[in-house]
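Below: the structure, in C-alpha cells.
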Amino acid sequence: MKKYISLIGLLALLTIPSCSRNDELSLEDINALTPAGVKEILEKTVSKPWRGEDFVPGRVAGTWNSVMDQDPKSFNILIAQQDAVTAGVVTAMQDYLVDYDPLTREWKPHCVSFEIITDEAADKLDVIYTLRDDMYWSYYGSDRKIKVTSDDVIFWYNEIDGDPAFQSSRYYQQFLTMADGSEAHIDIEKIDDRRFTFHFPRIVAEPLLATNGEIAPRADYQEAKRERGVQGVMDLFGVNTDPKNIPSMGKWFLTEYTAGQRLVYKRNPNYWDRDTNGNAIPYYEEEIVRIIPDENTQFLLFKEGETETYTPRPEDLDELVNKANADYTMYHNEGALSASFWTFNQNPQNKDSPQYEWFTKKEFRQAMSRLLNRDRIISQVYRGLALPKLSLFPEPNRYYDPAITLQYTYSPEGAETLLASIGIKRDSAGIMRDEKNRAIEFNLTIRSESTIMNDIASIITDELSRVGIKINIRVLDFQKIVEQMFNTFDWESMIMGLSGSQMFPSQGSNVWASEGNLHMWYPQQESPATDWEARIDYLYNEGAFTVDPVQAKVYWDEFQRILLEQCPLIYLVRPRSFTALRNRWDQSNVYFDNLNGFEVTHIFLKP
Amino acid sequence: MNLLGVFRWIGERIVKPFYLFKQKAPLVSYILNRFITMAVMLFILGLAVFGLMELAPGDIVDQIMMQQLFSETQSRGGSAGLNQQAMSMEQLEARRASLGLDQPFYIQYFRWLERVVFHGDLGQSLISRAPVSFLIASRLPNSILLNLISLVLITFFSFFLGVYFSTKAGTHADLAISFFALVLHAFPGMLMLILLQLFASVTGLFPVTAYPPFPFASNPGGFVFSYAHHIFLPLLASFLGGIGGTLRMIRATMLDQLGQPYIASLRARGIGEWRVYFNHAFRNTLNPYITGSANLLAGLFSGSLILEIIFAYPGIGRLMYEAVLQEDINLVLANIMFVSFLVLLGMVLADILLAVVDPRIRYGRE
C-alpha cells in the first residue's frame, strides 16, 4: 500500500503546481474591477519616459543576460535585410548615420554630421555628410584597427544596394519619382575620406530619411565581390564563420555563437560614443544571449533571476506586478504608436459577391467603424491597459493634429443610420438586409497565432450580431492569410497589424499609395480605383516633396482627413507595454516610453 | 538489339546472377534487397516532400518579401526610403530563379538528388546560405545523445519491469503497474513536459532548460555534471512517455509466452524457472521489441521537437521546425531524409537482428 501512496504522492507533486488558476470572472466583474485594477497596476509600476535628460556616467562591469527566440540565420549584412533576427544580431556590430529625436521632431548627428543644401531654382538638393573622425573597424582580441571612411558608405550604396544583382530591398530606395512621372537616381559622390554627398534629382521633404543607413565593412565585402562575385558576397560571414573574425564598428564584438544555445558579445572599447569620463558605452563587459524558443521558458528564466529584463505577456502581468519583495522594477509606457486594424476587401476580382457591393460603399465601412466598441476591447481584452487609436498620425509625427480625429466612433444607432442611407435595414426578425433582401453576413479572418485577436474578433462578432449582422470568424495560419492578401484575394474582412508607426508622414507609401503592394484592400491598382484614392496619391506625392512645413501641413491634413473619412483601415487600440528590469542594475539611466522604447544603452551595474 | 534481346540480356546478365547469388547467400541478398528497397523508398519520399512543399502556400521568397513588407522601419535612426516598395516583382522572380524555385518541383528534386548523390553536397540553406551539413552537424550530436539515452533507459527499465511484473500477474502490484503504465502511455507528452518544467520552477531543484548555459569547451568537467542536471527532467519526461507502451508490450508478450505449451513442457521436464524465463520466454519477447525499436528511435527523434522547444534543447527538431515554417526546402529535405533514413535503416537492422536472435527466422531457408 505504501508503494501506491508514494506513487500517488509523486503524481500529485507533479500535477499540483499546475492546478492553481484564477476563478473565471463574469463580464460585470471585469468591468467593475477594471478601473481599480488599472490604477493599481499603474501605481505599482514605474513611468519614466525619456525627455532629453543627460545620462549620468556609469562604471564598466558586469554581464547582461538576455534571450532571443530564434537562431540567427547569418552574420552577413545583406542577409540581415531579409531576416529580422539576423538584423538584430548584426546591428550590434554596426552603426547608422543620423538619429531622429521623436521628442523634438528633429534629426541630429550620430555617426555623421550633416548639411542640407537646397537649390530651389534648379529644384535639386544635396545632403553632405561628414563622418566622425574616431570610428574604426576593429577586431576582437587584436590591435588591428581600420578607420571608417566615406569609401565604406559609398561602396555599399553603389556596389551592393545599388547593384540589381544583389536584389537588395534598398535598391528601389535609390530612386525618386520625378514630377513628370519618370524615375531618377539619387547619386552619391565622395568629397574626401570623411565627407560624401547625396545628390537628389529633386527637392524632397525628408532627404535624411531616404539616405540614412548602416555602415558596412567595405574591405571584406569588396574582396568577396572581386573574388567570387554575388555568391561570394552572399556567402560571407555565414553562421559557420568564427564570429571573432567579423569586424565591428559598433558597441559589440560577437565572440561566440553556439547553434541553438547562445551568442556571446564582448564590449567594444573602441566604440566612439563615450561618457564624460571617457568610457565607451555600453558599460557592461559582456552580453550572453541564450536562444530560448518558448515564451513560457523565457518567463520562468526571468523569474529565476537568469535574465535581466522581461516584457510580460498580458497573462504574466499580475504575477510580476504583485510579487512581494521583487528584485526587479516594473516599468510601463503609454499606448503604442501603431495599432492593428480591421479592413475590408474591395478588390474587383470579387465584384460579383454581395460583400464587394457593401465593402466598396464608404457608408458601410463607416458603419463598421461605428460598431467597433474600442472601450469594450480595452476593458475586456486589455483589462483597461490600452488606449483607442483615433488619429492616423501618431503624436511624434510633425503633422499630427489633435483636431484631426476619427468621427466614426462607437454608436450602434449611428451605424444603423449610416447603413439605412445605403438601403441596409433590419427586417422584422431583426436581421440586417440590403436592398436586394440579402442578409448582411461576411467572414472576418484573423491570425491563428494570436489569442488576443480571437478575443477581439469575438467582441466584434457580438457587437455586430446585436444589430443583426452575422460575422463568421476564420482563424488562419499567417502564411495562408498572406497568400490570400497577395495572390488569391479571396478574403472578405480581416484584422491585421503592421509594424511601423508613420512617425514620418511619408512612411507607409506601400500602404496608402494606390500602386502600393500593401494597399491591401486593393493592391497594385493600375490606376486609382476611386477618386479619393487618386487624391491620396496626389497628396502623398505633394507632401513628400514639399519642404515648406506650412504648405506641407495643408497636404498632410487633408491626407489624414480623407483616410479617417473613408475608413479603408479601421484602427483598433494602442496597448500599453510593460517591462521588468532587475534591481541589480542602477536605474538612473533607464527610461521607458513609446517614442524611444526601453532606453538601457547607458545602464550600469550597481556598485 | 530488339526488345526480346533486351529482355534476354537483362535476364542473363542481371536476373540470373542475382538469383544464383540469392541461393548462395540468402541473408546477404536479403540485406542487399532491403537496402535497394530503402533507396527506392527514400527517393519516393523525397519526391513527395518536394511535391508537398510545392502545394503549401508561398515559398521562401514570399517569406523574405513578407518580412520586408511588414517591417516598416519606425525607430529613431532607422532608414526608410521614399520608395517603400521593398522588392519588385522582377526582383522576386530573379530571386526565385537564382534559388531554382522557378522550376517544376520534380526538376528541383532531381537537381537536389544529383548534387547529393554525385557531389555529396547537401546544399545551402536557402535563407542563411549556410551549408546544410554544418547546420545539421551542429545539432545532430545533441539529438543523438538525448535520444540514445532515452532509448537505453526505456529499454532497460521496460524489460526489467515488464519481465518482473509478468511473474506477478494478477497481483495488486501487477495491477498497479499496469494501471500506471496505461496512464503514462495515454498521458500527453507535452503536458508532461510542462508539468515537469513547472515542478522545476516551483521547487528550484532543477533548471527549467535542458542544456547548460555554457559550452563544453569552456569547462568539460563542469559541463558533464551540468548536462546531467539539466537533462534529468526532460529525460524523465521522455522516459515516462516511452516506458508505458514498451512495458505493457513486454509484459503482455511475456505472459503470452508463459502461457504457451512449450513453457508447460519445459516446466514439466524440470527446467528451472530462471531458465524458463530468460532462456526461453524472455528471448521470444525480443522479437516484437526489436521490430518496434526502430520505430521507437524514430519516434523519439520526431517526438523530441516539443521537448526541444519547451526545454530549449539545441536539437535537430527545432532546426527542422523552423525550416518547415520558412519553407527552406534544402534544410527540410535533408532533415526528413535523415530521419527517414534512420527509420528505414533501423528496420533493416531490426530484421537482421531478428534473424540472429530468433532461430525460427532464417532468410532463404523455408
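Normalise the Debye intensity by I(0) for segment B:176-313, one equal point scatterer per Cα, no solvent, then take log10 at q = 0.12, 0.15 Å⁻¹ and round to two decimals.
Relative scattering, expressed as log10 I(q)/I(0), comes to -0.65, -0.84.
Compute, for residue A:521, the solvent-accessible surface of its heavy atoms (probe 1.4 Å) with the complete set of protein chains present, and express it in square angstrom to the nearest 10.
We get 0 Å² for residue A:521.
Where does segment B:120-216 land on Rg/Rh, using Cα atoms and the Kirkwood Rh?
With Rh from the inverse mean 1/r over Cα pairs, Rg/Rh is 1.14.
What FRET efficiency comes out for the pair residue B:156/residue A:325, r = Cβ-Cβ distance, R0 = 51 Å, nearest 0.05?
So, using R0 = 51 Å, E works out to roughly 0.65.
At residue B:55 and residue B:121, where each label point lies 7 Å from the Cα along Cα→Cβ, what is the point-to-point distance in nanometres?
3.2 nm
Using the Cα atoms of segment B:189-236, I'd like the radius of gyration and the largest Cα-Cα distance, Dmax, both in angstrom.
Taking only Cα atoms of segment B:189-236, I get Rg and Dmax of 11.5, 34 Å.
Compute the signed sum of charges (Lys and Arg +1, Asp and Glu -1) over the other residues within less than 13 Å, Cβ to Cβ, of residue B:94.
Here the count lands on -2.
What share of the DSSP beta bridges in chain A is antiparallel, in percent to the nearest 5?
So the antiparallel bridges in chain A amount to around 80 percent.
So what is the relative contact order for chain B, in percent, with contacts set as C-alpha pairs under 8 Å and at least six apart?
Rounded, it is 24 percent for chain B.
Could you rank A:473, A:246 by how accessible they are, 1.4 Å probe, largest area first?
Heavy-atom accessible area, descending, gives A:473, A:246.
Could you work out how far helix B:60-69 tilts from the main Cα principal axis of chain B, as a 0 to 90 degree angle to the nearest 10?
50 degrees
How large is the translational diffusion coefficient of the protein assembly as shown in µm² per second when you combine the Kirkwood radius over alpha carbon pairs with Stokes-Einstein at 25 °C and 0.890 mPa s?
D, rounded to a whole number, is 75 µm²/s.
Averaged over B:127-139, how many beta carbons belonging to a partner chain fall within 10 Å of each residue's beta carbon?
Partner Cβ neighbours, averaged per residue: 6.
Give me the residues in segment A:61-94 whose solvent-accessible area, probe 1.4 Å, is reduced by at least 50 Å² once all protein chains are included instead of the chain isolated.
Residues of segment A:61-94 that lose at least 50 Å² of accessible area once the other chains are added: A:73, A:82.
Which value, in Å² rounded to 10, gives the accessible area of residue B:229 with a 1.4 Å probe and all protein chains present?
We get 80 Å² for residue B:229.
Just add up the charged neighbours of residue A:430: K/R +1, D/E -1, any other residue whose Cβ is under 13 Å from the Cβ of residue A:430.
+3
Give, ordered by residue number, each residue of segment A:247-267 whose 1.4 Å probe accessible area is reduced by a minimum of 30 Å² on adding the remaining protein chains to the chain alone.
Those residues are A:259, A:260, A:261, A:262.
Could you tell me the calculated FRET efficiency between residue A:270 and residue A:185, based on Cβ-Cβ distance and R0 = 35 angstrom, to the nearest 0.05?
0.50
I need the calculated FRET efficiency for the pair residue A:124 and residue A:606, taking r as the beta carbon distance and R₀ as 56 Å, to the nearest 0.05.
E(calc), rounded to 0.05, equals 0.55.
Once the whole set of protein chains is in place, how much accessible area is left on residue B:320, using a 1.4 Å probe, in Å² to the nearest 10?
In the full protein context, residue B:320 sits at about 50 Å².
Taking only Cα atoms and a 10 Å spring cutoff, compute GNM fluctuations for chain B and point out the largest among B:129, B:283, B:318.
Per the Cα network of chain B with a 10 Å cutoff, B:129 tops the list.
So with the 1.4 Å probe, I'd like the accessible area per residue for segment A:363-487, rounded to whole Å².
Per-residue value: 42 Å².
Put A:381, A:67 in order of accessible area, largest first, 1.4 Å probe: what do you get?
A:67, A:381
I'd like the residues of segment A:441-483 whose 1.4 Å-probe accessible area shrinks by no less than 50 Å² going from the isolated chain to the full set of protein chains.
A:479
I want to verify a result. In a Gaussian network model of chain B, Cα cutoff 10 Å, which of these has the top mean-square fluctuation: B:155, B:167, B:253?
Checking each option, the largest mean-square fluctuation is seen for B:167.
Can you report the principal axis dimensions of chain B using only the alpha carbons, biggest first, rounded to whole angstrom?
Its Cα atoms span 94, 80, 38 Å along the three principal axes.
Classify segment A:492-583 as rounded, prolate or oblate, taking a ≥ b ≥ c as the square roots of the eigenvalues of its Cα gyration tensor: rounded when a/c is under 1.5, otherwise prolate if a/b is larger than b/c and oblate if not.
oblate
For the protein assembly as shown, with all protein chains present and a 1.4 Å probe, just round the carbon and sulfur fraction of the accessible area to a whole percent.
58 percent
Taking all protein chains together and a probe of 1.4 Å, list B:347, B:53 from the most accessible to the least accessible.
Ranking B:347, B:53 by accessible area, largest first, yields B:347, B:53.
In whole Å, what is the distance between the alpha-carbon centres of segment A:440-511 and segment B:91-105?
What the calculation gives is 30 Å, centre to centre.
When the Kirkwood hydrodynamic radius is evaluated over all pairs of different C-alpha atoms of segment A:146-287, what value in angstrom, to one decimal, is obtained?
This gives a value of 17.7 Å.
Tell me the total accessible area that B and A bury against each other, 1.4 angstrom probe, in square angstrom rounded to 100.
By this definition, chains B and A bury close to 7000 Å².
The values are calculated or read from the model by the stated rules, or taken from the named source; none is laboratory data. What you see is a predicted model; the values in this text were computed from it and never measured. Every residue, glycine among them, receives a Cβ derived from its backbone with ideal geometry; neighbour counts consider all protein chains shown. Protein only, heavy atoms only, side chains kept; ligands, DNA and RNA dropped before computing areas. Shrake-Rupley method; radii C 1.70, N 1.55, O 1.52, S 1.80 Å.
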